[in-house]
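**Q** Have a look at this one before I ask anything.
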Amino acid sequence: MADEVASQSATEIDPVYQNTSNLKMVYEEDNVKILKSKLEGWKQVVQVVHSILVWEQSYYPALLAGFVALQFILLWYFEPSVLTTFSVLGIFVCVADYAVPIICTTFLDTSRWTEAQEHKHEDICKSIIHAKQQISELWLLFTQLRETKPKLYFVSVLIILLVLAWIGNVVNNMLLAFLFVLGLVMLPGLKHQGILQKYISQIAQQLKNIVGQKLKKN
C-alpha cells in the first residue's frame with residue numbers, strides 16, 4: 001500500500017518537476033541568445049579574454065598576475081583619489097564599449113569566423129549565464145536564511161563582519177585589495193583547471209576525518 005502511494009505521488013510530482021525544468025531551460029536559452037546578441041561586436045575579444053582567464057596556455061596565470069600587479073603598482077605610485085580612480089576606470093570602460101566593436105568589425109575578417117568558434121562563443125555565454133544564476137541562487141539562499149533562521153543569520157553575519165573588520169585592521173588596504181582582485185581574476189582558471197575543486201574536496205575530506213575521529217572518541 002505504501003509503495004503504491006509513493007509511486008502515485010512520484011507520478012504526480014514528476015510532471016511538475018519536468019515542466020519546471022523545461023521552463024528553466026527555455027529561460028536559460030533565451031538569456032544566452034540575448035547575451036550573444038549583446039556581445040556580437042565583442043566575439044573575438046571575448047574569446048581571447050576567456051582563453052586567458054581559463055589558462056589555456058601555461059603562461060597565462062603569470063600574465064594575469066603581472067597585469068594585476070602592474071595596475072596596483074601604478075595606483076601605489078600615482079596615489080590617485082578614489083573618485084579619480086573610478087573616473088579613469090569609467091573612461092576606460094566607456095572608450096572600450098565604443099571602440100572595440102568598431103575595431104572588430106573594421107579590421108577583423110568576420111568571414112573567417114568558423115562554426116567551432118561560434119560554438120565556443122555560445123559555451124562562453126552559457127558559462128556567464130550559469131555564473132549569474134549561481135550568484136542569484138546564493139543571494140536567494142542568503143535572504144531565505146534571514147527569514148527562516150534569523151538567529152543563525154544574525155550570528156553568521158556578525159562573525160563574518162567581525163573577521164573582515166579584523167583583517168582590514170591588520171592587513172594594509174592596498175595589499176588587501178590586490179589579493180582580492182588577484183583571487184577574483186584567478187578564480188575562473190582555478191575552477192576550469194580543477195584546482196579549486198581538488199583542494200575543496202581535500203579540505204572537506206580532512207574535516208570529515210576530524211569529525212569522525214572525535215565521534216569515535218566520544
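The numbers here are math on the coordinates, done by the rules we state, and not lab data. These figures come from a predicted structure and were not determined experimentally. For neighbour counting, all protein chains shown are included, and Cβ atoms are generated from backbone atoms with ideal geometry for every residue, glycine included.
**Q** For the chain, what does -39500 (n - 2.57) per DSSP helix run (n ≥ 4), summed and divided by total residues, give at 222 nm, in deg cm²/dmol to the nearest 500?
**A** Estimated from H runs of four or more residues: -31000 deg cm²/dmol.
**Q** Here is a follow-up. In a solvent-free Debye calculation with one equal scatterer on each Cα, what is log10 I(q)/I(0) for the chain at q = 0.07, 0.08, 0.17, 0.18 Å⁻¹, listed in the order of the q values?
**A** Those come out to -0.40, -0.52, -1.50, -1.51, one per q.
**Q** Packing-wise, with mean Cβ within 10 Å as the measure, how do 188-198, 168-178, 105-115 rank, highest first? Mind showing how you got there, number by number?
**A** On the way: 188-198: 14.3, 168-178: 11.1, 105-115: 8.8.
Result, highest mean Cβ count within 10 Å first: 188-198, 168-178, 105-115.
**Q** Applying 1/(1 + (r/R0)^6) with R0 = 30 Å to the Cβ-Cβ distance of V95 and L70, what FRET efficiency is obtained, to the nearest 0.05?
**A** Values: r = 19 Å, r/R0 = 0.64.
Efficiency at R0 = 30 Å is approximately 0.95.
**Q** Here is a follow-up. Using the scaling law 2.2 N^0.38 Å as the reference, what is the normalised Cα Rg of the stretch 129-178? Could you put the intermediate results ahead of the total?
**A** On the way: Rg = 14.6 Å, N = 50, 2.2 N^0.38 = 9.7 Å.
Cα-based Rg divided by the globular estimate yields 1.50.
**Q** Enumerate by residue number the chymotrypsin sites (Phe, Trp or Tyr not before Pro) in the stretch 52-85 meeting two conditions: DSSP loop (anything except H, G, I, E, B), and at most 13 other Cβ atoms within 10 Å of the site's Cβ. Could the numbers behind the result be given before it?
**A** Values: sites: W55, Y59, F67, F72, W76, Y77, F78; in loops: W55, Y59.
Hits after loop and neighbour filter: Y59.
**Q** Could you work out how much longer the chain between A204 and Q117 gets when fully extended? Use 0.36 nm per residue separation minus the Cα distance between them, nm to one decimal.
**A** Details: separation 87, 0.36 × 87 = 31.32 nm, distance 3.76 nm.
Length gained, A204 through Q117: 27.6 nm.
**Q** Starting from the Cα-Cα distance between S37 and L83, subtract it from 0.36 nm times their residue separation and give me the gain in nm to one decimal. Mind showing how you got there, number by number?
**A** Working: separation 46, 0.36 × 46 = 16.56 nm, distance 3.28 nm.
Value of the extension gain: 13.3 nm.
**Q** With N residues in the stretch 97-162, what two-decimal value do you get for its Cα radius of gyration over 2.2 N^0.38 Å? Can you show the working numbers first?
**A** On the way: Rg = 21.4 Å, N = 66, 2.2 N^0.38 = 10.8 Å.
Rg over 2.2 N^0.38 Å, computed on Cα atoms: 1.98.
**Q** Further, regarding this structure: With a Cα-only, solvent-free Debye model of the stretch 100-218, what are the log10 I(q)/I(0) values at q = 0.10, 0.13, 0.23 Å⁻¹?
**A** -0.63, -0.97, -1.27
**Q** Also: What full-extension length gain, to one decimal in nm, is calculated for V45 and Y59 as 0.36 nm per residue of separation minus the Cα-Cα distance?
**A** Numbers: separation 14, 0.36 × 14 = 5.04 nm, distance 1.88 nm.
Once the chain is fully extended between V45 and Y59, it gains 3.2 nm.
**Q** If the viscosity is 0.692 mPa s and the temperature 37 °C, what translational diffusion coefficient in µm²/s does Stokes-Einstein give for the stretch 37-143 when Rh comes from Kirkwood over Cα pairs?
**A** Details: Rh = 16.8 Å.
Answer from the Stokes-Einstein relation: 195 µm²/s.
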